[in-house]
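Student: Have a look at this one.
The values are calculated or read from the model by the stated rules, or taken from the named source; none is laboratory data. What you are looking at is a predicted structure, and each value in this text was computed from that prediction instead of being measured. Glycine also receives a Cβ, built like all others from the backbone with ideal geometry; neighbour counts cover every protein chain displayed.
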Amino acid sequence: MQAYIDQLIRDGAFAGVPKEVVYAIGMVLVAFIVLSIFVAPLAGVTSWLERRVWARMQSRVGPNRVGPQGILQWLADGIKNLLKEDLIPTAADPKLFSLAPYVVFMGFLCTFVVIPFGGSLIVADLNIGILYILAVTSLVVVGILMAGWASNNKWSLLGGMRSAAQIVSYEIPAGVSVLTIVFLAGTMSMQGIINAQGWGPWDWFLFHNPFTFATFFLYFTAALAEGNRTPFDIPEAESELVAGYVTEYSGMRFLFFFFAEWGNLYVIGAVATTLFLGGWQVPHLPIFENSPVLLGIAQFVTFFLKAYLWVFVAMWVRATLPRVRVDQLMGLCWKYMVPLSFVCLLGTIGFMFVPDDLRRIIGAVTLGFGIAITIIFFMRVRFQIRNAQPELYFKLHI
Amino acid sequence: MDEAIESQSGLNTEDMTISVGPQHPSTHGVLRFVVKTDGEVIGEAIPDVGYLHRSIEKIGEKVTYHGYVPYTDRADYLAAMFANQAFCMAAERLAGTEVTRRGEFCRVIACELNRIASHLISVGTFGQDIGAMTPFVHALRERETINNLMEEICGARLTYNYIRIGGVGYDIVPETCAKIGAFIDHFEPIVDEFNRLLSGNKIFIERLAGVAVVSREDAFSYNLVGPNLRGSGVKWDIRRDIPYSVYPELEFEVPVGNAHVGKLGDSFDRYWVRIREMQESCKILRQCLKMMPKGPAISKVPRKFRPPAGECYARVEAPRGDMGFYVVSDGSEYPYRVRIRTGSYTAMSIIDKLSKGIMLADLIALIGSLDVDAPEIDR
């Protein structure tokens, strides 16, 4: 979209208007469009979907009243929270307390500047795209720490401290994992990384070599931890810290934190898709030759589905796993994930010197290994589902 | 603490005093702990009990023996059947009342169903304390079926008032017996499913193995009972060692902690004892359904129940351990004194000792693994 505005300026569409003004207006407009058309409904629907998916896994029904299958539940929740009293505890630091949710929210929303929606659909294809994402997501920890401190509540403080330690630690394996792919792609631009891959799994960086395959799991785990998701949700561990850093928040401010959390899930999925899963790449079908709109839609759907798959996996993980303890969390990061991610980085660098033919064979083996793992995994899932009792209540038919 | 401590780095540090409870998500009711922490590490956690005191013991002196049975339900509302039974046993021993044989079997069936329900709550909420949401709902789903069965047996789902002096209030009809049998057939695979989901989970084991270890000696000196005692490897079960009702005729094992994943007597051992006790209860239920004789469910007991002067202590093996009713009679219609001994109260006392030096998250695991139950502590 930035490229489009550049084009317009070059064509003289805004003659007489300073360039900065055009960019500023464009920025506000684009932010509004992205927020209202994509991010808000996405985070909202994700919150509804998570509750439904959870409910299904837990033999419950979940929200099903507002709209068909309850899909508008998020709107009802949003309206309810907007109408709530804006409560600031007397002992809290009012300025920091009110600011904190917006800092968290900004940290998450700013990532959408560089997250691609399709081949030509991106707000701004910055040449430092992925580095920019790592940078702005760090704002989240500042916001959480602000919330924990400003609430003047002991549970909030503990939650904020936990969160700071956790996010700062897990940025290292996440950053090194990202670096691995940046080495392979030779660029930090999101579109550049996607263009370096192909539409087929054999062209994805995921199956480039065994080390990138391992890096993917490292990245996803670290991203879950950065996003405060189970099994790493210790900053808001409800059974330990009541609600962690959000203990004193209510109404819309409370909602902003969770808006960011659910939106962040998509960001995690989108970054994983960009780095490892070939992004929006679609096969070169003749149907796309003359129709850029159709191509755009196909690319958007491809990217969205790939990214959303990981949102679903995160929900699945959350419904399955218990929470780790804070020292185990740190141990996992510093003892295992940081060394492993460096090993993967060095291994991938080593693979860049391997002749291309040999590299392709190893990549094919990795692909076969990946497919085998997937098949075994789904066979286990099938086994568990067959053994489970799917009905909501055991009915006594006598 | 008030005074600031000068640390080695020259910074002023201070211990933080946190009040965990009485309204905290994982204190299972209204418990309170005054916790002094150094960051995440607990210096001490002092239990503060008394938020759910309803003077059930004192009420016992003001109502008749028959009238007191519904009050005993409330002593531990997750295992109401056992309090019913313990009080009725005490009253029967005072008066020398015989319980009919079918009544005894009805009692055992109802109690073992109740034990499964109580343990389901225990392991489910324990999972939730550790952060696993799904096992809790699955456990409650199964408990719901037991509640339905209980409703068929005695008309109530939580506070049963089923066991009466001399027998049980209502006979368990053959249709209900068949349903209980069907439920057991369904439930035993569910325990395996539960184990696949939670007990075998690596994170779950890591969180519990070797945490808050209770040695055999500590378990004795703090008077732990029930699964908490058995978790430390002591084979002591009132049903087996001080037999009552028809338990001597039934074959069942007493599961004890065996350092399944960590040290003997750690949190996981206590949890694991409960899981295996549910399976043992299923075995007991099967035998009872097979052995149940025909006959009346309750013997003739006078409406004005006046046991001769004397005193009696009756104990049963409740889900939270040894539950005892000490009843003193002065020959009148009302008990002279009722005293209830419950397992959770003593389990609370060991938390102070175990919590030194563990992390805040472990305290939650410890409370959950001891399965303390607020109504039972305060009565």
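Student: Criterion first (within 14 Å of another protein chain (Cβ to nearest Cβ), part of a helix (DSSP H, G or I), of a type in the set (D, E, K, R) and over 26 Å from residue B:102 (Cβ atoms)) does residue B:218 satisfy it?
Tutor: So residue B:218 fails the test.
Student: If residue A:224 meets every condition in (1) part of a loop (DSSP other than H, G, I, E, B); (2) within 14 Å of another protein chain (Cβ to nearest Cβ) apart from one, which number is that one?
Tutor: (1)
Student: Another question, then. For region B:224-260, what are the residues that are surrounded by fewer than 17 Cβ atoms within 10 Å (Cβ to Cβ), touching a residue at least 40 places away in the same chain (Cβ under 8 Å) and either outside any loop (DSSP other than H, G, I, E, B) or touching a helix residue (DSSP H, G or I) at 6+ places or on another chain (Cβ under 6 Å) (or both)?
Tutor: Passing the criteria: only B:249.
Student: Residue under question is residue A:100, and the condition is that it be crowded, with 23+ Cβ neighbours inside 10 Å and not in a loop (DSSP other than H, G, I, E, B); does it hold?
Tutor: Yes: the conditions hold for residue A:100.
Student: Being β-branched (Val, Ile, Thr) and assigned to a helix (DSSP H, G or I) is the filter here, so list the residues in region A:142-191 that pass it.
Tutor: A:142, A:144, A:167, A:168, A:172, A:176, A:178, A:180, A:181, A:182
Student: Let me ask something additional. Could you pull out every one of the helices (runs of 4 or more DSSP H) wholly within region A:288-398 that has 1 or more residues that are within 14 Å of another protein chain (Cβ to nearest Cβ) and buried (at least 16 other Cβ atoms within 10 Å of the Cβ)?
Tutor: In region A:288-398, the matching helices (runs of 4 or more DSSP H) lie at A:292-320, A:326-331.
Student: Hey, among B:172, B:190, which residue is more than 9 Å from chain A (Cβ to nearest Cβ), closer than 30 Å to residue B:74 by Cβ and β-branched (Val, Ile, Thr)?
Tutor: Just one listed residue meets the conditions, B:172.
Student: Return the only residue of A:207, A:183 being more than 30 Å from residue B:39 (Cβ to Cβ) and crowded, with 19+ Cβ neighbours inside 10 Å.
Tutor: A:207
Student: Looking at B:21, B:60, which one is surrounded by 18 or more Cβ atoms within 10 Å (Cβ to Cβ), touching a strand residue (DSSP E or B) at 6+ places or on another chain (Cβ under 6 Å) and free of Cβ contacts under 8 Å to residues at least 40 places away in the same chain?
Tutor: The unique qualifying residue is B:21.
Student: Quick check on region A:147-164: of everything there that is facing chain B (nearest Cβ under 10 Å) and touching a helix residue (DSSP H, G or I) at 6+ places or on another chain (Cβ under 8 Å), which residue is surrounded by the most Cβ atoms within 10 Å (Cβ to Cβ)?
Tutor: Only one residue fits best here, namely A:162.
Residue-by-condition table, conditions (1) under 20 Å from residue B:25 (Cα atoms); (2) among the β-branched types (Val, Ile, Thr):
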position	(1), (2)
B:299	no, no
B:310	no, no
B:325	no, no
B:361	yes, no
B:377	yes, yes
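Student: Continuing with the same structure: Looking at (1) surrounded by fewer than 23 Cβ atoms within 10 Å (Cβ to Cβ); (2) within 26 Å of residue B:310 (Cα to Cα), find the lone condition where residue B:65 falls short.
Tutor: All conditions are met except number (1).
Student: Which residue is farthest from residue B:266 (Cα to Cα), if the candidates are limited to region B:193-204 and must be over 22 Å from the mean Cα position of the chain (by Cα) and part of a helix (DSSP H, G or I)?
Tutor: B:193
Student: When the residues of region B:26-45 are narrowed to those that are charged (D, E, K, R) and in contact with a helix residue (DSSP H, G or I) (Cβ under 8 Å, 6 or more places away or on another chain), which ends up farthest from the other protein chains (Cβ to nearest Cβ)?
Tutor: B:44
Student: Has region B:152-159 got at least one residue that is in a helix (DSSP H, G or I), under 20 Å from residue B:76 (Cα atoms) and either among the β-branched types (Val, Ile, Thr) or more than 12 Å from chain A (Cβ to nearest Cβ) (or both)?
Tutor: yes
Student: For region B:110-147, give me each residue that is under 20 Å from residue A:323 (Cα atoms), more than 8 Å from chain A (Cβ to nearest Cβ) and among the polar types (S, T, N, Q).
Tutor: Within region B:110-147, B:122, B:125 qualify.
Student: Here's another thing I want to ask about it. Any chance region B:151-170 includes a residue that's under 21 Å from residue B:366 (Cα atoms), more than 22 Å from the chain's Cα centre (by Cα) and modelled with pLDDT under 90?
Tutor: There is no residue in region B:151-170 that is under 21 Å from residue B:366 (Cα atoms), more than 22 Å from the chain's Cα centre (by Cα) and modelled with pLDDT under 90.
Table: residues versus (1) surrounded by 13 or more Cβ atoms within 10 Å (Cβ to Cβ); (2) under 28 Å from residue A:256 (Cβ atoms); (3) touching a residue at least 40 places away in the same chain (Cβ under 8 Å).
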residue: A:17; (1), (2), (3): no, no, no
residue: A:23; (1), (2), (3): yes, yes, no
residue: A:28; (1), (2), (3): no, yes, no
residue: A:42; (1), (2), (3): yes, yes, yes
residue: A:46; (1), (2), (3): yes, yes, yes
residue: A:53; (1), (2), (3): yes, yes, yes
residue: A:57; (1), (2), (3): yes, yes, yes
residue: A:62; (1), (2), (3): yes, yes, no
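Student: I would also like to ask the following. I'd like to check which helices (runs of 4 or more DSSP H) are fully inside region B:332-379 and have at least 2 residues that are within 14 Å of chain A (Cβ to nearest Cβ), touching a residue at least 12 places away in the same chain (Cβ under 8 Å) and over 12 Å from the mean Cα position of the chain (by Cα).
Tutor: B:360-370
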